[in-house]
1. Hey, rough spin-label estimate for SER121 and THR272, points 7 angstrom out along Cα→Cβ, what's it come to in nanometres?
2. Could you check the simple spin-label distance between GLN150 and LYS201, using points 7 Å along Cα→Cβ, in nm with one decimal?
3. How far apart, in nm, are two points set 7 Å out from the Cα along the Cα-to-Cβ line at ASP159 and at LYS39?
4. Sorted by packing (mean other beta-carbon atoms within 10 Å per residue), highest first, where do 294-302, 113-121 land?
5. Can you figure out the FRET efficiency of GLN290 with ASP246, using R₀ = 22 Å and their beta-carbon distance, to the nearest 0.05?
6. First select every other residue whose beta carbon is under 10 angstrom from the beta carbon of GLY174; then total the charges, Lys and Arg +1, Asp and Glu -1.
7. Could you give the length gained by full extension between LYS311 and GLU30, i.e. 0.36 nm per residue of separation minus their alpha carbon distance, to one decimal place?
8. Sort 281-288, 253-260, 88-95 by the packing proxy (mean of other Cβ within 10 Å over each peptide's residues), most packed first.
Amino acid sequence: MVQTCLCRMAADDPSNTFHQTTQRKNKDFECYFIQSLEKNKYYSSFVSMNQNPSVSTPSLEFLPKNVKIEASSSIHGLLCCTIQDRPIQYLICKPATKEWRKIPNPKVRYFTERIEIVVQSSAPLQYKIIRFSQPNRNKDHLICEIFDSQSWKWRRSTDIKMGYYDELLSLGCGVLINGSLHWLTNYNRIFAFDVENENWKMISLPQQQLSIINEDFLNKKVVEYEGCLSLCYYKETWMELWVMKDSIREVWERKKTINIEEYHPIFADLFTSEVAFLLDVFKVIWYNFQLHKSTETKISRMIAQEAYIYKSDLTPLIHTR
């Protein structure tokens, strides 16, 4: 079935124009956008383990030049991006249907630490963009701003006072589980932000392995495993997967130990419960640690700094504004 996107906006307001391309068949994407930075310019490309040749590969070529991906939604295929001109301009887009629209800018005078987009409803489309920024002089302080697609405005939420040594580590997407976004900190804790209630807490890492894990804080990654908050800890030849079994008492369980002796790339994500997504030189790797088999895809840049999981259908965006 072919669908045509007809988004009606105010004709007398150029900023209300939602740029679009029409007529695509309904198929699903579940892959990654990978992003690199070279000579102050951002490059992104789409990689898939099983690319469907009958469906056009999503890209960001329909957007203005020098666009940086800031965040991706875990469903519905939305990206929050910034046009890296001066001044920087924020936008929302859906690469699968080549639709995009500028949104108001937050108060960009502070350095952005993390941005996430969370879709709350698809009919009608409703989402929030959460931005954490840090004042220059307050290293233990995060300012939280939230953009609401219903009001089409940013507002400042309650500021967050973290420990002085806590710093959000994970690049790319935060992990959304049970309505909370999760990031690892360099003080070996997990920062969890409840999107609906706009409160936060710190979660301890597995105590059983904490002394070992502390030695290599860069070799850890917060992930989702079968709907649960999980932690991947990896060394040169092996990787451990820890799953939180009781979020109230913060009880962790070591789920599995995986031999990765043949691979020395950067662990980026768990694509599925049995497949790890890895970044390597001029390629990305999907490694099935149950079957001990891999699928590789070449990339044009030496290495990708960030990976954004992309799950999308081909249903056009129908914006409420």
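What follows is calculated from the coordinates using simple rules that are stated; it is not laboratory data. Being a predicted model, the structure only gives us computed values, none of them experimental. Backbone-built Cβ (ideal geometry, glycine too); neighbour counts: all protein chains shown.
1. Result: 3.4 nm between the two label points.
2. Here the answer is 2.6 nm between the modelled labels.
3. Here the modelled spin labels are 4.1 nm apart.
4. Going by the mean number of other Cβ atoms within 10 Å, highest first, we get 113-121, 294-302.
5. Between GLN290 and ASP246 the formula returns 0.25.
6. Residues close to GLY174 contribute a combined charge of 0.
7. Net length gain for the segment: 100.7 nm.
8. Packing proxy ranking, top to bottom: 88-95, 281-288, 253-260.
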